[in-house]
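Asker: Encoded as structure tokens, here's the structure I'll be asking about.
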Amino acid sequence: MSLPPAPEKKELPESVHVELSFDLQPGEKISIHLKAVRDENGRLVARPVPGWSPAGLLQRLAGWIRAVQPRQIFIAALILYLVVMFTGLTVYPAHFSCDEAVSTVNAARLMSNNLRDENNVLLPTFTKNDGQYSLSATVYLAALPYLLLGPSVWVVRAFNGLIALLGMFWLARLLRDRLNLPEWSLLPLLLAASPAWFFLARTGLETIQLAAFYAGFLYYYARYRFEQPKFLFAALLLGGLAFYAYTPGQVIMIATGLILLVADAPYHWRQRRTTWKGALLLIVLALPLARFILLEPDAYVDRLRMYGSYLAETDLTALQKLGNFLLTYLKTLSPTFWLTAHTDDQHIRYALGTASPLPWTMYLLAALGLFTALRGWRARPELRLPVYALLAAPVGAALTSEITLPRALAVIVPLLLLAALGLSALFNRLTRFNLPRGALTLAAFLLLAAGALANLVGALTEGARWLPSYGLDGTQWGAPQVYAAAKTYLTEHPDQMVKISPNWTFQGDTLRNFFAPDEPAITIRGINDFIQQIDPQLEQNVFVLTAADLQLAIDSQRFEQPEVVATIPYPDGSEGFSFVRLAYRSDIDEIIAAEQAERSRLVETTLTVDGQSARVRHSQFDGGQPANLFDGDLNSLARTGGANPLVVEIDFAAARAISGVTLRAGAEPVTVNVTVFTADGSQKPFTVKAGHVEGYKDVPVDFAETLTAVRVRIELLDDGVPEPANVHLWEITFNP
């Protein structure tokens, strides 16, 4: 007989003894929430649970802030960065410049020519931008998105944005792993809230690639210097990309390399088993440059002239050039550059409205960071790296006479590293006043996020109207809109040609090759060509004209009333581009003949020529005075108002002996006709041709004998240039 099982013994739950005492008034109520938890020793204790009172909410918020980790803040900042930097890339910047298009155009040209340039050089080190060899790594990098997705504004800008994103990651890791800053997580927002980075990282300009690769170089150099020698090779490769990405990067990398070579010389020597291999890699990276210099020995001098560099000026002493360098170097670091809006002609295409490149708070934080780095110079050698970069980065822009934001953008890399260091130093001081660091970080996150989002919202809603200067001296707005409209027009009128004015943007052919490479019906042609010469196929074209071009066509009196078939207004609603059909007037031949006769009419004056009075008849000038031709000053000139050739007739008060005439002319090829009227009534004609030169030239006309002249007629013809044309002449000298 089996017995029933014994009842299972239940263990009593562990209890907590709680004593509470309250003094309550009649009618008062109290609600208490307790939670049993174990303390650090494993004992069960009772703790109050915050309710929904303001104090309770603050307590919960404080607990949440304490629990948030830097990685979580970084993820949130990264998401905001991606939203801010990649939203509306085709909307803002509102203008798409030839400098954004040229790397893709050159990449397409290389691939279509079996990776050879116009000189048949295989894999050229540099390709041309505006006639100068200045593009290198950006062209080869642009080939990949071009092959995969084709040319488009979004592709060009998104690809550059991805490279900028890499730069952001490298800077964040440098702050976290090497500088050990708790605020490394805010780096994405430091960048997105900086107008300079926000604007240029949304463009296709090569300057952002330089800044990103420079950031990568600094990160891997820090790992080489403070972690493992093997990271030297990654640093050198990224330094090479920075060198070849943008012309100022070449000088920046040389300056940075020299500073680091000297400053860390003992470490390099200790790691010589690695550094000699790095030296070999450096030689390999320099081989493309050496080949280029051998092939184009004058290219760098030409580039300095293009930039207007004081280094190319032959009339300055070495001391004067050094002074210019120091002035521009300091300007590149100065608050006048970083804290003022860049809205003049040189800078307007790179301006975020009237905002300064950096907020003043970031500049002040960078100053505090620089002070902190200098204080910790001996104790924390890793703090020296941003200082070294700050010394080197301005050199790239300082070699030019005009500092623009793209040329100086690399400076933002050490500035923002120092700003993060300054922010951390500020938080260190504030925590001494019992301010929780987590709360300070959250406040900084919210402020930076607000700044970044303000950049985005303002740019997308009002950015196109911030700076309503849209033409050649402004933002050069209109390329995507004009070419989209031109393609639509050709779809509807396949039997016509579209002639787009070149007068509103630089390098119009580059933009045409980007937007319409396979559209032979779209060409770049100015309306002035059709005013100067009669084109029998005029009516087969539609012209895309600016307001100034259209007014020029009307004022020329060459055409019937223009027929405007479509318009593209500027973003502010003002008159932008017009699609215009034109037809010549029925009496066009008479008009042209009358104009030519008027241009050829000579004007008479009395001048002193070589000490004696002379009656001078000359072409009508719209620049300079006839006296400038006989004053002995090679810098003064006279310019015709449309006549070609320029004519000067000199009647001497008394016959004089001359054996020749020398004309000071410009660079273009010219033909000089001289007719000498002698005292015996005869005429002696002479003709000399002079080809193209760089700069100015003297054109001597030798008579081979001494003639007694009472009158001399001189004609200076610009070869191959139809009327109306401006012909320039600096000086006329009679040889005794």
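Asker: For the chain, give the magnitude of the charge dipole about the Cα centre (Cβ charges: +1 Lys/Arg, -1 Asp/Glu; no others), in debye to the nearest 20.
Answerer: 5060 debye
Asker: Can you bin the stretch 108-149 into rounded, prolate or oblate? Criterion: square roots of the alpha carbon gyration tensor eigenvalues sorted a ≥ b ≥ c, rounded for a/c under 1.5, prolate for a/b above b/c, oblate for the rest.
Answerer: oblate
Asker: What's the local net charge at E382, with K and R +1, D and E -1, over the other residues with C-beta under 9 Å away?
Answerer: Net of charged neighbours comes to +4.
Asker: I'm spelling it out carefully: the read-out is P(r) over Cα pairs in 10 Å bins from 0, in percent, the candidates are (i) 2, 11, 16, 18, 16, 12, 9, 6, 3, 2, 1, 1, 1, 0, 0, 0, 0; (ii) 2, 9, 12, 12, 11, 10, 9, 8, 7, 7, 6, 4, 2, 0, 0; (iii) 3, 11, 18, 22, 19, 12, 8, 4, 2, 0, 0, and one was derived from this structure. Which label?
Answerer: Structure-derived value, by its label: (i).
Asker: Order I75, I588 by their accessible area, 1.4 angstrom probe, all chains in place, largest first.
Answerer: My answer, sorted largest first, is I75, I588.
Asker: Just to confirm the number: angle between the C-alpha axis of helix 153-173 and the first principal axis of the chain, 0 to 90 degrees, nearest 10?
Answerer: So the helix axis and the longest Cα principal axis differ by about 50 degrees.
Asker: OK, next. With axes computed from alpha carbons, what is the tilt in degrees of helix 272-295 against the longest principal axis of the chain, rounded to the nearest 10 within 0 to 90?
Answerer: Orientation of helix 272-295: about 20 degrees from the principal axis.
Asker: Can you list residues from other chains, or at least 5 along the same chain, whose modelled amide H is less than 5 Å from the amide H of S469?
Answerer: Under 5 Å from the amide H of S469: T475.
Asker: Compute the helix-to-body angle for 70-86: its Cα long axis versus the longest principal axis of the chain, expressed 0 to 90° and rounded to tens.
Answerer: Compared with the principal axis, the helix lies near 30 degrees.
Asker: Right, another one. Under 18 Å between alpha carbons, and skipping anything fewer than 8 positions from K35 in its own chain: which aspartates and glutamates qualify?
Answerer: Qualifying aspartates and glutamates at Cα under 18 Å: E14, E19.
Asker: Still on this structure, I have one more. V301 to N726: extension gain in nm, 0.36 nm per residue of separation minus the Cα-Cα distance?
Answerer: 150.1 nm
Asker: What does the charge count around D177 come to, taking other residues whose C-beta lies under 15 Å from its C-beta (Lys +1, Arg +1, Asp -1, Glu -1)?
Answerer: So the environment of D177 carries a net charge of +4.
Asker: For the stretch 214-229, take each phi angle, set θ = phi - 60°, evaluate the Karplus expression 6.51 cos²θ - 1.76 cosθ + 1.60, and give the result in whole Hz per residue in order, putting x for glycine and proline.
Answerer: Values per residue, Gly and Pro as x: 5, 4, x, 4, 4, 5, 6, 5, 4, 5, 4, 6, 10, 10, 9, x Hz.
Asker: Another question, if that's okay. Projecting each Cα onto the charge dipole of the chain (Lys/Arg +1, Asp/Glu -1 at the beta carbon, about the Cα centre), which of T733, L171, L405 comes out farthest on the positive side?
Answerer: The residue sitting most towards the positive pole is L171.
Asker: Something else now. Label-point separation (nm) for L326 and L311, each offset 7 Å from Cα along Cα-to-Cβ?
Answerer: So the label points at L326 and L311 sit 1.9 nm apart.
Asker: For H692, what accessible surface area do you get with a 1.4 Å probe? Give it in Å², rounded to 10.
Answerer: So the heavy atoms of H692 present about 120 Å² to solvent.
Asker: Taking the full set of protein chains and a 1.4 angstrom probe, give the accessible area of M85 in square angstrom, rounded to the nearest 10.
Answerer: Surface accessible to solvent at M85 totals approximately 10 Å².
Asker: Still on this model: For D622, D589, give me the order by solvent-accessible area with a 1.4 Å probe, most accessible first, ignoring ligands, DNA and RNA.
Answerer: Ranked list, largest accessible area first: D589, D622.
Asker: Assuming R0 = 56 Å, what is the FRET efficiency of V45 and L144, from their Cβ-Cβ distance, to the nearest 0.05?
Answerer: With a Förster radius of 56 Å, E is 0.35.
Asker: Could you pull out every residue, at least 5 positions away or on a different chain, whose amide H is within less than 5 Å of the one on A341? Hs are placed 1.01 Å off N in the peptide plane, and Pro or chain starts have none.
Answerer: none
Asker: Probe radius 1.4 Å, ligands and nucleic acids left out: which of D549, D587, D698 has the largest accessible area, and how do the rest follow?
Answerer: D698, D587, D549
Asker: Where a ≥ b ≥ c are the square roots of the eigenvalues of the C-alpha gyration tensor, would you call the stretch 629-722 rounded, which needs a/c under 1.5, or, failing that, prolate if a/b is larger than b/c, or oblate?
Answerer: Cα axes put the stretch 629-722 in the prolate bin.
Asker: When the Karplus curve 6.51 cos²θ - 1.76 cosθ + 1.60 is applied with θ = phi - 60°, which whole-Hz ³J(HN,Hα) does each residue of the stretch 503-511 get, with x for Gly and Pro?
Answerer: Karplus values, whole Hz, x for Gly and Pro: 8, 10, 8, 6, 6, x, 5, 5, 5.
Asker: Determine, from the Cβ-Cβ distance of T431 and F226 and an R0 of 25 Å, the FRET efficiency 1/(1 + (r/R0)^6), rounded to the nearest 0.05.
Answerer: Taking R0 as 25 Å, the efficiency between T431 and F226 is 0.45.
Asker: Which entries of K230/K321; K277/K331; K128/K697 show an alpha-carbon separation above 30 angstrom in the structure shown?
Answerer: The pairs that break the limit, which is 30 Å between Cα atoms, are K230/K321; K277/K331.
Asker: Further question: How much net charge surrounds A653 when only the other residues with a Cβ under 12 Å from the Cβ of A653 are counted, with Lys and Arg +1 and Asp and Glu -1?
Answerer: Once all neighbours under 12 Å are counted, the net charge is +1.
Asker: I've got another one for you. May I ask you to derive the FRET efficiency for E382 and L446 from their Cβ-Cβ distance with R0 = 25 Å, giving the value to the nearest 0.05?
Answerer: Plugging the Cβ-Cβ distance into 1/(1 + (r/R0)^6) gives 0.30.
Asker: Another question, then. Any idea of E296's accessible area? Nearest 10 Å², probe 1.4 Å.
Answerer: That residue has around 60 Å² of solvent-accessible surface.
Asker: From the backbone phi of the stretch 476-487, what are the Karplus-calculated ³J(HN,Hα) couplings (6.51 cos²θ - 1.76 cosθ + 1.60, θ = phi - 60°) in whole Hz, Gly and Pro given as x?
Answerer: For the stretch 476-487, the Karplus curve yields 6, 6, x, 4, x, 5, 5, 6, 5, 5, 5, 5 Hz.
Asker: Run lengths n ≥ 4 of DSSP H only: what is the helix-derived mean residue ellipticity at 222 nm for the chain, with -39500 (n - 2.57) per run over all residues, to the nearest 500?
Answerer: Result for the chain: -14500 deg cm²/dmol, rounded to the nearest 500.
The values are calculated or read from the model by the stated rules, or taken from the named source; none is laboratory data. Being a predicted model, the structure only gives us computed values, none of them experimental. Quick reminder, even Gly has a Cβ in these numbers, built from the backbone with ideal geometry, and neighbours come from all protein chains shown. Surface areas here come from the heavy atoms of the whole protein model, side chains and all, with no ligands, DNA or RNA. Shrake-Rupley method; radii C 1.70, N 1.55, O 1.52, S 1.80 Å.
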